[in-house]
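Asker: Questions regarding the structure given below will be posed in turn.
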Amino acid sequence: MLKIEHLGIAVKNIEQSNGLFSKLFNKAPYKLEKVESEGVSTSFFMIGESKIELLEATNPDSAIAKFIEKKGEGIHHIAFEVQDIYAEMERLKKEGFTLLNEQPKKGADNKLICFLHPKSSNGVLIELCQEIRG
Ligand code: CMX
């Protein structure tokens, strides 16, 4: 793994939260993006070298809607950048982690992503991500 790529925060209303976090960071999000396949509306803030993703559910079946219903708003996942997502998925599967998708899928911000089930990583939802190159 190369570094923490971003932290994901689940919010109820992304417009309101964009306003709140813009005040907190004293800067606007650099990107707003809907990811239909994940049922989320996202925004990204860059703070120095660190990235924060806000996520609002766009439908009631979305992982974000379920998370907020159960746990309320808050930190939803930690994403790690990897060099080769296929190799890392293979390695982590062999190490006994539960992959939530067998193949990498297209996520927000030009990334190939894979999630690990929080039950296999001490209650923390982990995302692997690799920049889509070319
Ligand atoms: N962090 C920690 N624990 C979590 C969690 C999270 N983000 N989301 C769910 N859980 C917990 C639940 O509370 C539950 O715990 P208990 O059994 O102790 O109650 C357990 O995980 C299993 O939950 P579940 O109700 O059986 O399953 P869900 O339907 O809530 O699904 C999960 C959980 C992780 C499998 C699902 O959210 C998932 O597939 N996530 C990956 C995809 C995703 O999160 N997409 C949105 C982000 C997309 C993006 O970044 O662009």
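Any read-out appearing in this document is the output of simple, stated calculations on the displayed coordinates, not a laboratory observation. These numbers come from a predicted model, not from an experiment. Glycine gets a Cβ as well: all are built from the backbone with ideal geometry, and neighbour counts include every protein chain shown.
Asker: Taking the Cα centre of the chain as origin, sum charge times position over the Cβ atoms of Lys and Arg (+1) and Asp and Glu (-1), and report the length of that vector in debye to the nearest 20. Walk me through the numbers before you get to the answer.
Answerer: Details: 18 positive and 20 negative charges, 40 e Å.
That gives the chain a dipole magnitude of about 200 debye.
Asker: Return Thr98, Thr58, Thr42 ranked ascending by Cβ neighbour count within 10 Å, so the fewest neighbours appear first. Each step should come with its number before you reach the end.
Answerer: Working: Thr98 13, Thr58 18, Thr42 22.
Sorted ascending by nearby Cβ count, the order is Thr98, Thr58, Thr42.
Asker: Ok, one more. Quick one: grab the alpha carbon gyration tensor of the stretch 30-72, order the square roots of its eigenvalues as a ≥ b ≥ c, and give me rounded if a/c is under 1.5, else prolate or oblate depending on whether a/b is larger than b/c. Spell out each step's value before the answer.
Answerer: Details: a/c = 3.71, a/b = 1.69, b/c = 2.19.
Here the stretch 30-72 falls in the oblate category.
Asker: Could you pull out the GluC sites (Glu not before Pro) across the stretch 40-134 that fall in loop regions by DSSP (anything but H, G, I, E, B) with no more than 10 other Cβ atoms inside 10 Å?
Answerer: Values: sites: Glu49, Glu53, Glu56, Glu69, Glu73, Glu81, Glu88, Glu90, Glu95, Glu102, Glu127, Glu131; in loops: Glu49, Glu73, Glu95, Glu102.
Here the sparse-neighbourhood loop sites are Glu49, Glu95, Glu102.
Asker: Let me ask something else about it. Take the Cα coordinates of the chain, assign each an equal point scatterer, and use the Debye formula without solvent to give log10 I(q)/I(0) at q = 0.14, 0.15, 0.20, 0.21 Å⁻¹.
Answerer: Here log10 of I(q) over I(0) equals -0.62, -0.72, -1.25, -1.36.
Asker: Relative to the first principal axis of the alpha-carbon coordinates of the chain, what is the inclination of helix 85-94, with its axis defined by its Cα atoms, in degrees from 0 to 90 and to the nearest 10?
Answerer: That helix lies at roughly 60 degrees to the long axis.
Asker: Looking at Phe44, Pro118, Thr58, which one has the Cα that reaches farthest to the positive end of the dipole of the chain (charges on Cβ: Lys, Arg +1; Asp, Glu -1)?
Answerer: Pro118
Asker: Still on this structure, please answer the following. Using a ≥ b ≥ c from the Cα gyration tensor of the stretch 1-68 (square roots of the eigenvalues), is it rounded, prolate or oblate, where a/c under 1.5 gives rounded and otherwise the larger of a/b and b/c decides, a/b for prolate?
Answerer: On the way: a/c = 2.10, a/b = 1.34, b/c = 1.57.
Cα axes put the stretch 1-68 in the oblate bin.
Asker: Using alpha carbons only, how many degrees (0 to 90, rounded to 10) separate the axis of helix 14-25 from the longest principal axis of the chain?
Answerer: Once rounded, one gets 90 degrees.
Asker: Per the helix-only calculation at 222 nm, which mean residue ellipticity applies to the chain, given -39500 (n - 2.57) for every DSSP H run of n ≥ 4 and division by its residues, nearest 500 deg cm²/dmol? Intermediate results must be reported in sequence, preceding the final value.
Answerer: Working: 3 runs with 31 residues, N = 134.
That calculation yields -7000 deg cm²/dmol at 222 nm.
Asker: Using a Cα-Cα cut-off of under 22 Å, which lysines could be cross-linked to Lys94, ignoring same-chain neighbours fewer than 8 residues away?
Answerer: Cα-Cα hits under 22 Å: Lys3, Lys105, Lys119.
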